Every structure is written in C-alpha cells, then in structure tokens.
C-alpha cells in the first residue's frame, strides 16, 4: 500500500449524486432487480468470504426497506447500491447452535453466515469497490447517529435526498454531513529518524505518527507545526503534503504530511504525560528490532499512519 493508493481512499463507485434528489428514489430502487444492499451497524460492515455481503433488494426483510434507514451509495459494476443502517442495539451474538440471536427475528436469515467486521480492521483487505462503499456507508451512518435533532432548535430531523441530508421537521432547516479536517505527519530529523508517539489511551507498546485536528482559521501546514510542538516540543519547518484518506471514526479526513525538524533545532522530546505518555525518534534498524521483538506495535494497515511509516521505511514492515 502506498500514499497514492491508501486503503480507505480507493473507490470505483460512481456516487451518482444527481439521483439523490429524485422523487420516489427508494421505491424505484426497490423495484430494480439490479439494486444491491449492504448492511452497516455503526463502524461494522456485514461481510462474507468474498468481501462486503451484497444482497438482492428482494431479500431485505419486511419492514427493512424504510427510507429512514437507507443510504443511496451510487452505482458500480452495473448495480445501484444501498446501505441499510442497522440499529446499534441490534445484537449478532450466536447461540450454541450457531444461529444468530437478534432482537428482530426477520433479520436472522439475512445475517446467517455473515460476520460483522470493523472497517478499521478490514479496510485494507477490501476491493477498491468495497472499500469505497464501506467507507461511505460507515461515514454516513456515524453522521446520522449523531444528528438526530436539529442543531438550531433541538427538534427531530428526518432523512431526505437519499440519506445525504437531514431536514428539521419544525423549522425545515437543512443539515449536511460534516467532515473534520485532521493532519497526520511523519516527522523526520537530520539523521532521517522518524518521530513516533504513544497515546495515553492506547495499549502498551502501540506507537504511531503524530496527528491532530486543524483549528478554525488555521492552514494545514500551520496545524502540522503547532501539533508537533504541542505534543513533543519539537520544532518543524519544511512540510510536504503526501496524501489523504477519510477516517470515518466518526468523521475525520486525515491529510498526511512529511515534516522536517528545523535545521539546528533540538531533537529532545518532551511529552505532556497526558495526551502522549511517550515519544521518541527511531532509526529503521531500531524500529524493525522493536517490532520484531514485540516491544513496539505499529498502527493497522488500513491507516494512513502505517503508509507514512512504511514510506519512510522503504517498504512493508514485517509484523
């Protein structure tokens, strides 16, 4: 995986945005034998041995074809594609015979033989089409789960435009999916070492590149400089944009940079002990040794952090 082919930035799906506002869109989709449906529950996707499980629309259980639970994702491979948002409290535990246990009996047959996997864990293994579908479905679902009420008056909202807009039932104001801009950076010093940190809430040994949200009125490059200084006390100067990908947990767009320590600046790392509890520079040999010994655990392969690290390293780092 390279920064030009990031796991969650891959897609072959035509978003078909013009169709979102069509009257009777979902009725038309329900009658179209080429419509396929995928299941999404929070950040988890229904998958089978082939990748995302795509169902003929006729297999969706009675009552499941409700506009307030559907998202129109677009067209691909001669199909029109829809995500069905499952309630967060809908369980998929299995009994001793392996039969799915759900609070909606009509879903039992549909989920038989499926597993529900987190997009973080499977994003790099999905096809380009499925990566695009899954990332969009998870991002939209996260937005809907957090915007059930109008931010202006607090009243309930309804889903319109194929799942891409929410409309207040009282003041009729329209609300659109949001994306939070974040920067993530491979910081390198004059000896070509990479700076990696351990966040306080991560498992022991987990190290990754530094990252942070862009503040209002702040250019991306300034966000890189500020975040590195705040988290480690390191002063960086030159910044080079490397690529971006959505990170819908719940709504980030990660913009990757490579940043260089300012000439003559100190490489003494100072962490705050609250957000970061450890940060240090690694040579390639040191990182490989630590990873091989199990002392350092790298970020998952679906992340842009892993791509930034392996770009610096020169190729995939063996697990």
Which residues, counting only those in region 5-27, are surrounded by fewer than 17 Cβ atoms within 10 Å (Cβ to Cβ), under 15 Å from residue 83 (Cα atoms) and modelled with pLDDT under 95? 27
Consider residue 151 carefully, then state whether it is assigned to a loop (DSSP other than H, G, I, E, B) and either in contact with a helix residue (DSSP H, G or I) (Cβ under 6 Å, 6 or more places away or on another chain) or crowded, with 19+ Cβ neighbours inside 10 Å (or both). no
Of the residues in region 1-51, those that are closer than 25 Å to residue 256 by Cβ and part of a helix (DSSP H, G or I) come to 7, 8, 9
Going by what's in this entry, would residue 288 be described as closer than 23 Å to residue 191 by Cβ and either surrounded by 19 or more Cβ atoms within 10 Å (Cβ to Cβ) or at pLDDT 95 or above (or both)? yes
Out of the residues in region 115-139 that are in contact with a helix residue (DSSP H, G or I) (Cβ under 6 Å, 6 or more places away or on another chain) and within 13 Å of residue 85 (Cα to Cα), state the one that is surrounded by the most Cβ atoms within 10 Å (Cβ to Cβ). 134
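May I ask you to list the residues in region 29-49 that are without any contact (Cβ under 8 Å) to a residue 40 or more places away in the chain, touching a helix residue (DSSP H, G or I) at 6+ places or on another chain (Cβ under 9 Å) and surrounded by fewer than 14 Cβ atoms within 10 Å (Cβ to Cβ)?
31, 33
Please tell me if residue 193 is touching a strand residue (DSSP E or B) at 6+ places or on another chain (Cβ under 8 Å), crowded, with 19+ Cβ neighbours inside 10 Å, in the same structural domain as residue 17 (by TED's automatic domain parsing) and more than 21 Å from residue 26 (Cα to Cα). Full working, then the answer.
Values: touching a strand residue (DSSP E or B) at 6+ places or on another chain (Cβ under 8 Å): yes; crowded, with 19+ Cβ neighbours inside 10 Å: yes; in the same structural domain as residue 17 (by TED's automatic domain parsing): no; more than 21 Å from residue 26 (Cα to Cα): yes.
So residue 193 fails the test.
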Among the residues of region 171-195, which ones are in a strand (DSSP E or B) and under 19 Å from the mean Cα position of the chain (by Cα)? 180, 181, 182, 183, 184, 185
Residue 167 meets each of (1) within 24 Å of residue 254 (Cβ to Cβ); (2) more than 15 Å from the chain's Cα centre (by Cα); (3) modelled with pLDDT of 95 or more with one exception, condition (1)
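Return the only residue of 145, 88, 117 being part of a helix (DSSP H, G or I), farther than 27 Å from residue 32 by Cβ and either modelled with pLDDT under 95 or in contact with a strand residue (DSSP E or B) (Cβ under 9 Å, 6 or more places away or on another chain) (or both).
Details: 88 fails: part of a helix (DSSP H, G or I); 117 fails: part of a helix (DSSP H, G or I).
Of the residues listed, the single one that is part of a helix (DSSP H, G or I), farther than 27 Å from residue 32 by Cβ and either modelled with pLDDT under 95 or in contact with a strand residue (DSSP E or B) (Cβ under 9 Å, 6 or more places away or on another chain) (or both) is 145.
What are the residues in region 196-213 that are assigned to a loop (DSSP other than H, G, I, E, B) and surrounded by fewer than 18 Cβ atoms within 10 Å (Cβ to Cβ), if any? Explain how you work it out, then say what you get.
Let us first name the residues in region 196-213 that are assigned to a loop (DSSP other than H, G, I, E, B), namely 200-205, 207, 209.
Hits for region 196-213 are 200, 201, 202, 203, 204, 205.
Are any of the residues in region 244-253 assigned by TED's automatic domain parsing to the domain that holds residue 224 and farther than 30 Å from residue 143 by Cα?
Within region 244-253, none of the residues are assigned by TED's automatic domain parsing to the domain that holds residue 224 and farther than 30 Å from residue 143 by Cα.
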Helices (runs of 4 or more DSSP H) wholly in region 214-315 with at least 1 residues that are in contact with a helix residue (DSSP H, G or I) (Cβ under 8 Å, 6 or more places away or on another chain) - which ones? 284-293, 304-313
Tally the residues that are surrounded by fewer than 20 Cβ atoms within 10 Å (Cβ to Cβ) and within 23 Å of the chain's Cα centre (by Cα), restricting the search to region 219-239. 3
Sort out which residues of region 228-251 are closer than 13 Å to residue 195 by Cα and in contact with a strand residue (DSSP E or B) (Cβ under 8 Å, 6 or more places away or on another chain), and write them in order of number. 228, 229, 231, 232, 234, 235, 236
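Could you check, for region 256-272, whether at least one of its residues is closer than 30 Å to residue 40 by Cα, surrounded by 20 or more Cβ atoms within 10 Å (Cβ to Cβ), touching a residue at least 60 places away in the same chain (Cβ under 8 Å) and assigned by TED's automatic domain parsing to the domain that holds residue 295?
Checking region 256-272: at least one residue is closer than 30 Å to residue 40 by Cα, surrounded by 20 or more Cβ atoms within 10 Å (Cβ to Cβ), touching a residue at least 60 places away in the same chain (Cβ under 8 Å) and assigned by TED's automatic domain parsing to the domain that holds residue 295.
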Test residue 174 against the stated conditions and say whether it is under 29 Å from residue 45 (Cα atoms), in contact with a strand residue (DSSP E or B) (Cβ under 7 Å, 6 or more places away or on another chain) and outside the structural domain of residue 292 (by TED's automatic domain parsing). yes
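The values are calculated or read from the model by the stated rules, or taken from the named source; none is laboratory data. If you're wondering where the values come from, they're calculated on a predicted model, not measured in any experiment. Because the Cβ atoms are built from the backbone with ideal geometry, glycine has one as well, and the counts that use them run over all protein chains shown.
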